[in-house]
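Some notes on the structure that comes next.
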Amino acid sequence: MIILFGVFVRFTPEASARWEEEEKKQNNITSDIENDFYYRYPSFQDVHVMIFIGFGFLMTFLQRYGFGAVGFNFLLASFGIQWAILMQGWFHSFKDGKILIGVENLINADFCVGSVCVAFGAILGKSSPVQLLIMTLFQVTLFSVNEYILLNLLHVIDAGGSMTIHTFGAYFGLTVTRILYRPNLEQSKDKQGSVYHSDIFAMIGTIFLWMYWPSFNSAVSNHGDAQHRAAINTYCSLAACVLTTVAFSSMLEKKGKLDMVHIQNATLAGGVAVGTSAEMMLPPYGSLIVGFICGIVSTVGYVYLTPFLESRLHIQDTCGIHNLHGMPGIIGGIVGAITAAAATKRVYGSEGLVKTFDFTGDYANRTPMPLLGGPLWGAS
Amino acid sequence: MIILFGVFVRFTPEASARWEEEEKKQNNITSDIENDFYYRYPSFQDVHVMIFIGFGFLMTFLQRYGFGAVGFNFLLASFGIQWAILMQGWFHSFKDGKILIGVENLINADFCVGSVCVAFGAILGKSSPVQLLIMTLFQVTLFSVNEYILLNLLHVIDAGGSMTIHTFGAYFGLTVTRILYRPNLEQSKDKQGSVYHSDIFAMIGTIFLWMYWPSFNSAVSNHGDAQHRAAINTYCSLAACVLTTVAFSSMLEKKGKLDMVHIQNATLAGGVAVGTSAEMMLPPYGSLIVGFICGIVSTVGYVYLTPFLESRLHIQDTCGIHNLHGMPGIIGGIVGAITAAAATKRVYGSEGLVKTFDFTGDYANRTPMPLLGGPLWGAS
Amino acid sequence: MIILFGVFVRFTPEASARWEEEEKKQNNITSDIENDFYYRYPSFQDVHVMIFIGFGFLMTFLQRYGFGAVGFNFLLASFGIQWAILMQGWFHSFKDGKILIGVENLINADFCVGSVCVAFGAILGKSSPVQLLIMTLFQVTLFSVNEYILLNLLHVIDAGGSMTIHTFGAYFGLTVTRILYRPNLEQSKDKQGSVYHSDIFAMIGTIFLWMYWPSFNSAVSNHGDAQHRAAINTYCSLAACVLTTVAFSSMLEKKGKLDMVHIQNATLAGGVAVGTSAEMMLPPYGSLIVGFICGIVSTVGYVYLTPFLESRLHIQDTCGIHNLHGMPGIIGGIVGAITAAAATKRVYGSEGLVKTFDFTGDYANRTPMPLLGGPLWGAS
């Protein structure tokens, strides 16, 4: 790792001491605060908290596995971010034989590791640290290839990663847990219980994820209005999702009691589903609708789909990532496509349209007006 | 809720894709970083943490009610922020039949919900989720009316919300708990004990509230020096309050032992009391004095006043919000009035004076020099 | 304290209401966002979390001392920051008989208190609150004197405080614990066990420290590229340190089991060691090497050195601060000296070189090219 970093990794100009005289003069920048650091660093730290505290503590609900969940999550994420900087660097930031890293690379590495944490949720309690590191190695590599295909070749816009992070992570994790399935693992079920304190620890994870999700979806959006909009939409979607989850959870359970697992997980589905479209001109009521739908889908998934997957398809999904990341991620992709298809110059303004969807270079002739079966995918 | 959002809520220009070509050109803005998002977003996230982690975990000290406290707080806050965006929007951001929302609206919605969380502290453990949602509905509505009267009609300045948030929340909560009083509720007292772990969870809430309070008081202050000053003053006041609380707690308890309830709560009173005046030119030693007084008042309140309220007035104040939010909020209003009354052009500069107290439009002729019984309230 | 603040402490111009018309016009500042507040405030809040949540919860691992650790840490830090603002103010920000405070002073006060928290780790569980307050009083005073000698007289650059904060704090703490040594304290050893839940609480502290360390090392760096670079380097070093710690911990323990104490502590050593050099042009692979070395040194220290110190030198180091802060701090100083000695105009650019090492005023003739035994210390 040290050798690979030594050969390839250098600072981006904005993080280099030569920024002072070279870049600033060339680009006519008058103030230090225009450095990308000040646009992105607060969001980066929020995302960082989500990966290490959020995902780590969300998985502490197992009675006998709290320390393991936090510790292994810590280990695999630390390994993953280093490997992700290299892999994503080769695909996205490679210039003159060097990878130029800045704060945006750190955010993307955290995103990539977020995908690994999602997959870890499916195999929680069933794997050794070494197995986890190997899984991380493969998943980060595949993640980067998948991301390169989506973002660079198909020119898809997916700032919050509904597709690249959540859907990919969920189905990767489900595949791994299917492969790891052994009938005698059924025995471990009696360890799956939670106790009172472990549930409060898990709430720490849930609430930090919930709170910082607006930063997650806005972290790598365009500067200015796009980051602003992405944060507002995610906030609205998450708030709506909590209400729907609580309502459906008490309806579907006997005696109207709330199920802690639903509150810990399904409340987050709204953030997943709005990831792709949050930075577009999705109006706030649209975010509420997305949150509303995802709250229902996710809660129903926990009640009916997870037991079905386990008994019929032999997929043991410890944390229910299919309900939290898989299905909402797919919904997110669809919502993103619809929102992009509905984009007009009247709503975005002509400069805003070009900036939002990055219709530059080879893509300058693309328009967001989809003909049926036409370039819908391109604009999404 | 979705219908109401659909009819009324739109993005503020700074969060709209048209910002790029319309607003930026008109206002001669040269850099994306001038978007209000970058001024307010880090503070917003801190406030968000205070509402969901801070208030949520502060109330986990009850032995059998930890999960309920966090979970119900999560539920009512998620509901409250949606309703608050609408209510506050109608009163403050209504333009051409639409509510234009930006990051400042999200902060204000969080503030409004903070007031509900304060009131929740009084009835903790005595109400069902449905009762809580109804309370939230009413309180958010009344909060917005009260805020409109104070800020818009009386033109009071109250950035940290000593009056609008804390005093209002505390007395609303005390009223509700008085109404809910039933003699047989006395039985629930044996559930009021705390255990060792639940006290450590409560410390998570306390410390996050304590740490992020400077963001709370500076979040909606004017850009630039006012936010800077509000953060410094709150920091000083809180630090002084901790020392006073610890000193008085060990003096008032037998054998000099520290009472955990005091440390979990009274240490925060300094932040409440400096809310109104923090963004004014209250000097740092003034903040220390405010923190010093509030630490005493709040600790003495816990020792003598709460038992008195419960036995004589039948007000069961589970978390002691009267000591933490009620009395310090009133002190905060008084300190704010005094600080505003003492404002002079020499200290503020003439432009600074107009900017700090917003002497524009109909209020351009107001001066901060109060005659006895004169426009003191106007300047505060 | 109130009197001292009243006599000496005033706002820095950027936090004063007169900023609007005086400073902004004089310095030709066109935008409110150029206020130092927006450069430093997010980092300040992260450092604040590290001091109160990070150090507080890191020390909750003792079974019977969780609440005490968080509470006493809260108390001493609140006292320390007030005293540190005064002491550091007299040495660094004294102008016309007044201390002018701004957000940078708050960060430096937090740093100073961080040093006290380090020392607290050595005497955890062996001292009363009053003893702690006295220790804080002395240590803050000595810290400020030491900082003045290093930064102002020797003109050393140490933004992340490897030397001033960590090394000083560790050896101060070790001295205190040596003085407090009483043979009968050995009895308290049976209280040193940890239980499952207290270890998860300690992980909250570890992870918050780990996550926000990039903010710690970049908080008081120069605006722009230096803050950017410091954050990236710290991030890389910490990630490498986690992997090395886990690898060596499982190698050194019987049966390959992971030791929780190592994961809770040694993983942080990489952040300590890169403190001095992070804002210099230390390349990312250099950070990885530093993290790699510190992970080894710190883990080996926990396994072999701590028992040796206790049995031979009668130094009871409860939290192992010698391994986490002492040795990595020394490594950090050495790495900083080497990085500074290797600075050239080719890498930094001539303006960047002057800005990074602050070769202005009396130091304008200094160069970073060290002759053997020459001005190496000056440049570091």
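The values are calculated or read from the model by the stated rules, or taken from the named source; none is laboratory data. Note that this is a predicted model, so its numbers are computed, not measured. FYI the Cβ positions are ideal-geometry reconstructions off the backbone, even for glycines, and counts take in every protein chain you see. With ligands, DNA and RNA removed, areas are computed over all heavy atoms of the protein, side chains included. Shrake-Rupley method; radii C 1.70, N 1.55, O 1.52, S 1.80 Å.
Quickly run through region B:205-224 and pick out the residues that are facing chain C (nearest Cβ under 10 Å) and open to solvent by 10 Å² or more (accessible area, probe 1.4 Å). Passing the criteria: B:Asn222, B:His223.
Regarding region A:78-94, can at least one residue be identified that is at positive phi, of a type outside the set (A, V, I, L, M, F, W, C) and open to solvent by 10 Å² or more (accessible area, probe 1.4 Å)? Scanning region A:78-94 turns up no residue that is at positive phi, of a type outside the set (A, V, I, L, M, F, W, C) and open to solvent by 10 Å² or more (accessible area, probe 1.4 Å). Being within 18 Å of the chain's Cα centre (by Cα), modelled with pLDDT under 85, at the interface with another protein chain (Cβ under 8 Å from one of its Cβ atoms) and over 29 Å from C:Met203 (Cβ atoms) is the requirement here; does A:Ala230 meet it? Here the answer is no, as A:Ala230 does not meet what is asked.
Apart from one condition, C:Asn73 fits all of (1) modelled with pLDDT under 80; (2) open to solvent by less than 10 Å² (accessible area, probe 1.4 Å); the exception is (1). Would you confirm whether any residue within region B:256-272 is farther than 23 Å from B:His322 by Cα and either surrounded by fewer than 24 Cβ atoms within 10 Å (Cβ to Cβ) or touching a strand residue (DSSP E or B) at 6+ places or on another chain (Cβ under 8 Å) (or both)? Scanning region B:256-272 turns up at least one residue that is farther than 23 Å from B:His322 by Cα and either surrounded by fewer than 24 Cβ atoms within 10 Å (Cβ to Cβ) or touching a strand residue (DSSP E or B) at 6+ places or on another chain (Cβ under 8 Å) (or both).
Got at least one residue in region A:293-307 being buried (at least 23 other Cβ atoms within 10 Å of the Cβ), away from chain B (no Cβ under 14 Å) and within 19 Å of the chain's Cα centre (by Cα)? Yes, that holds for at least one residue. Scanning region C:130-143 for residues that are in contact (Cβ under 8 Å) with a residue 12 or more places away in the chain and surrounded by fewer than 22 Cβ atoms within 10 Å (Cβ to Cβ) gives C:Leu132, C:Leu133, C:Met135, C:Leu137, C:Thr141, C:Leu142. If the condition is being over 13 Å from A:Ile331 (Cβ atoms) and assigned to a helix (DSSP H, G or I), then region A:272-289 contributes A:Pro284, A:Tyr285, A:Leu288.
For region B:293-347, a residue qualifies if it is of a type outside the set (A, V, I, L, M, F, W, C) and more than 23 Å from B:Ser115 (Cα to Cα), and the qualifying residues are B:Tyr304, B:Pro307, B:Ser311, B:Arg312, B:Thr339, B:Thr344, B:Lys345, B:Arg346. Among residues of region C:144-164 being among the β-branched types (Val, Ile, Thr) and outside any loop (DSSP other than H, G, I, E, B), the one that is most open to solvent (accessible area, probe 1.4 Å) is C:Ile149. The set of residues in region C:215-234 that are of a type outside the set (Gly, Ala, Ser) and in contact (Cβ under 8 Å) with a residue 40 or more places away in the chain comprises C:Phe216, C:Asn217, C:Val220, C:Asn222, C:His223, C:Asp225, C:Gln227, C:Arg229, C:Ile232, C:Asn233, C:Thr234. Within region B:226-255, the set of residues being open to solvent by less than 10 Å² (accessible area, probe 1.4 Å) and of a type in the set (D, E, K, R) comprises just one member, B:Arg229.
None of A:Leu288, A:Leu305, A:Leu313 is modelled with pLDDT under 80 and among the hydrophobic types (A, V, I, L, M, F, W, C) except A:Leu313.
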